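Presented below is the structure to which this report refers.
The values are calculated or read from the model by the stated rules, or taken from the named source; none is laboratory data. Worth saying up front: this structure is predicted, and the values here are computed from it rather than measured. Cβ atoms come from the backbone with ideal geometry, glycine included; neighbour counts cover every protein chain shown. Side chains are part of the model used for accessible areas, which takes the heavy atoms of the whole protein and leaves out ligands, DNA and RNA. Shrake-Rupley method; radii C 1.70, N 1.55, O 1.52, S 1.80 Å.
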Amino acid sequence: MAARKSPFFDTATTLGKLVAFFGISALCGVLAAGLLVPVAAAAGTAASGSIQFFDQLPSELERGALATPSKILANDGSLIATVYEENRQPVTLDQVSPNMVDAMLAIEDDRFYDHGGVDLQGIMGALVSNATSDSTRGASTITQQYVNNVIIDTNLQNNEEVVFSGGKSVGDKLREMKLAIAVEKELSKDEILEGYFNIVPFSGTTYGVQAAARYFFNVDAKDLNIAQSALLAGVVNGPTYYSPELNPERALERRNLVLQAMLDKGRITQADFDAAVVTELALQVTPVSSNCVGASMAPYFCDYVTRLVLNDENFGATEEDRDKLLKRGGLTIKTTLNPTFQNAAQTAINETANPDTTDAEIGHAMVSIEPGTGKILTMAQNTRYTPELADGNSVQNFNVDVNQNGDPNKPLNGLGGFQPGSTYKPFTVAAWLDSGKTLNANLNGAKRTYPVGTAWNASCYGGAYVSTTEWTPINYGDTNYKTTTVLDGLAQSYNTITLAETREIDLCKFQQMAFAAGIHNGKGSDGEREMLGVDPPSTFGGGGDASPLAMATGFATLAAEGLQCDPIALESVTGADGTEYPVPQQSCEQVMRKEVAQGVNMATQRVMTNGSGLNLQVGVPTAGKTGTNDTRSQTWFMGYSTGMVTASWIGNWKANATTMSDKLIGGRVYPEIDGSLIAGPSWKNFIQRIAGQYEANAFTPPPASMIGNTAPPPRATPPASPRASQPASPPVSPPAAPAVNTPPAGDNGGGEGGGGEGGGEGGGEGGGNGEGNG
């Protein structure tokens, strides 16, 4: 093999390099003139011009706060998600291994502690080396590299043009040198080295030595050994080119070059070198998942929290400012989420409607609120949180509104809710009781037709609502048209009893009370919360779409005896610099008389002992209400105790009115679809997993005057029907404590299937000619 000819003796190559050598030497002269020769002593026009040019360069480095990830935490301090655009975990220099310091200095700037920011000796040495060999040797000191990274980081923050090393002009390099000298006067060497270790990129979105140590080896920076330190120090020169993940052979070669430099410069012994150079890369890649896609739990709650921050001017004047603060400001966001409850809710949802065994259009969501505070304790759903388009994937939140408080400038990334069905009936009972009537009042639940022109007392319509179409509402199965009490009518969810209540009170009152309790149109966009629609069918169908979070808020008002509390997710937000940002405080208002709420709670407890919730009891005082819409496309169960309210929803989220009757849900097709058969048992699964961990005291009974001792005679005999001969439930006597534990005779199976798997939501989850029944 022929001997390789040195490029130094190649005329063309050498000439080009000598030209470059002398050209850059002239540049060094400019630098030296600026650094070493006072203007007053300068001789000659060229020297004076050089000095003047150098003096005009900026001499103060603008250093913004380094981008630091924000953390979203549960109420016990456990991590929900890390939000960042640069994964960086700042450390002090004493938290960096001496091995790492030695490796970095050996390969990047061995004279770091000897020069004043710019190493003229190093520059000249690099020029000679580059002119006489094939290799390229840099001369930027660690101080200069620190300055360069600060400039890049600052420009990125300010949305300004970023110039990387390959595109720099002579002026850029001179500016960098002068700033390096200025930094050396402002900071100590250790402070500069610490800043460098925290700002320098190592791979992709991994910045700083601590994040790099964690990413590549799953150790802290203080525990890096010699081989690991050499690998990381080598990566800095080209994070992609020397990536141990993308180019392991090249990374190994570079690591060994660093080890050789450490040996040559006396930073390790021969024995250290011999031991390290034969080791494998031994990577233990441990990525820190970014944003809500990488959440360790509750990704949809994470999404909700980030939207709350992005919508709040306390975190910046514009959404862009807020996004920057969220991703770069190192916020610690403490939330109300209970991780134990969240995991239990997610498990129940997965066991009920796992996306792998459920048709793509079927959604299942669950959200829990603490009555009396509004704290959101859980927020779960059955889809995978990812923007990738595939069945079972979605980044839309089934639990929340489209917009925050109906403001289109404050999106929440929610679907906006679904028709509530019969879960709305408790608010008709609330309006009934608030009008001075009693739970034991007997009403005629006959099937009847309401002709065109039927007038309903309705204050929000100027005194009367007049029907414009003929309407014949029916009960589930077109049966159970009987005379019974209001109490029994809710337990069995009879549509005709609900309408009989409405005929005797202000039609608008139930909707106004539901709105005051926190239930509203989840798809509103007029800049404020909107009440759902008011018409006769809405008394047992809701009159629009409400989100699970809004429904939980409304029922939490009942559980808290009329005290309505806006839902809150944020406990505190603290910046990396210790700044405490204001967050929404608990906001509660008594919107319903206590005795009215107590009366409704008595009726919803009866759902659990005598109605569709019979098979959903969990051994502690609970109340609830099932709900199913006319087309069997939306089903609900609202379950609550004195300490927690949960909305459990399952429905067709892609085709709102398409039935679920033929859909695969958790690997099975249900022959019957209603709230007691899927949403209810999923709630029970959740509750049983957290038994004893939430408050479940006895509900306070309403006053005797609200229960009523006797029932008035019916106004008319109901028409015959296949089940009309069933005896009505007897009136409930005023108890000293809630009489909910002993089902009265003759009440099982006549209404919503006798509970759970007993056969559907019998009396009330039926139809009304497509008008939102139950």
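Numerical summary
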{"read-out": "TYR465 closer than 17 Å to PRO537 by Cβ, in contact with a Phe, Trp or Tyr (Cβ under 7 Å, 6 or more places away or on another chain), touching a residue at least 24 places away in the same chain (Cβ under 8 Å) and open to solvent by 20 Å² or more (accessible area, probe 1.4 Å)", "value": "yes"}
{"read-out": "Of all residues in the range 615-631 being surrounded by fewer than 24 Cβ atoms within 10 Å (Cβ to Cβ) and among the polar types (S, T, N, Q), the one that is farthest from ALA603 (Cα to Cα)", "value": "THR631"}
{"read-out": "Residues located in the range 578-621, provided they are over 21 Å from TYR670 (Cβ atoms), part of a loop (DSSP other than H, G, I, E, B) and more than 29 Å from the chain's Cα centre (by Cα)", "value": "VAL591, MET592, ARG593, GLN617, VAL618, GLY619, VAL620, PRO621"}
{"read-out": "Condition met for ASP434 (over 27 Å from SER676 (Cα atoms), surrounded by 19 or more Cβ atoms within 10 Å (Cβ to Cβ) and modelled with pLDDT of 95 or more)", "value": "yes"}
{"read-out": "Residue within the range 478-494 that is modelled with pLDDT under 95, surrounded by 17 or more Cβ atoms within 10 Å (Cβ to Cβ) and not in a loop (DSSP other than H, G, I, E, B) present", "value": "no"}
{"read-out": "Selection from the range 542-552 of residues that are touching a Gly at 6+ places or on another chain (Cβ under 6 Å) and either more than 15 Å from GLN512 (Cα to Cα) or without any contact (Cβ under 8 Å) to a residue 24 or more places away in the chain (or both)", "value": "ASP545, SER547"}
{"read-out": "Residue match in the range 499-513 (condition: open to solvent by 40 Å² or more (accessible area, probe 1.4 Å), assigned to a loop (DSSP other than H, G, I, E, B) and within 29 Å of LEU614 (Cα to Cα))", "value": "no"}
{"read-out": "Top-ranked residue of the range 204-231 - restricted to ones that are open to solvent by 30 Å² or more (accessible area, probe 1.4 Å) and in contact with a strand residue (DSSP E or B) (Cβ under 6 Å, 6 or more places away or on another chain), ranked as nearest to LEU252 (Cα to Cα)", "value": "TYR215"}
{"read-out": "Subset of the range 140-182 that is modelled with pLDDT under 70 and touching a helix residue (DSSP H, G or I) at 6+ places or on another chain (Cβ under 7 Å) - its residue that is farthest from LYS327 (Cα to Cα)", "value": "VAL163"}
{"read-out": "Set THR357, THR306, THR378, THR347: member being closer than 22 Å to GLY680 by Cα and in a helix (DSSP H, G or I)", "value": "THR347"}
{"read-out": "Test for ALA251: is it open to solvent by less than 10 Å² (accessible area, probe 1.4 Å), of a type in the set (A, V, I, L, M) and either without any contact (Cβ under 8 Å) to a residue 24 or more places away in the chain or under 15 Å from VAL288 (Cβ atoms) (or both)", "value": "no"}
{"read-out": "Candidate set: the range 437-462, residues that are small (Gly, Ala, Ser) and within 30 Å of MET706 (Cα to Cα); chosen: the one surrounded by the most Cβ atoms within 10 Å (Cβ to Cβ)", "value": "GLY445"}
{"read-out": "Filter result for the condition that a residue is farther than 23 Å from ALA556 by Cβ and of a type in the set (Asp, Glu), over GLU370, GLU351", "value": "GLU351"}
{"read-out": "Boolean, GLY234 is part of a helix (DSSP H, G or I), over 21 Å from ARG254 (Cα atoms) and in contact with a helix residue (DSSP H, G or I) (Cβ under 9 Å, 6 or more places away or on another chain)", "value": "no"}
{"read-out": "Evaluation of ALA516 against (1) in contact with a strand residue (DSSP E or B) (Cβ under 9 Å, 6 or more places away or on another chain); (2) part of a helix (DSSP H, G or I); (3) crowded, with 21+ Cβ neighbours inside 10 Å (one fails), failing number", "value": "(3)"}
{"read-out": "Total residues in the range 685-710, condition open to solvent by 20 Å² or more (accessible area, probe 1.4 Å), under 30 Å from LEU433 (Cα atoms) and not in a loop (DSSP other than H, G, I, E, B)", "value": "2"}
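Every residue, every condition in (1) more than 30 Å from ALA560 (Cα to Cα); (2) surrounded by fewer than 22 Cβ atoms within 10 Å (Cβ to Cβ); (3) out of contact with any Ser or Thr (no Cβ under 6 Å at 6 or more places or on another chain), yes or no:
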| position | (1), (2), (3) |
| --- | --- |
| ASP356 | yes, yes, yes |
| ALA365 | no, no, yes |
| PHE398 | no, no, yes |
| GLN404 | no, yes, yes |
| ASN409 | yes, yes, yes |
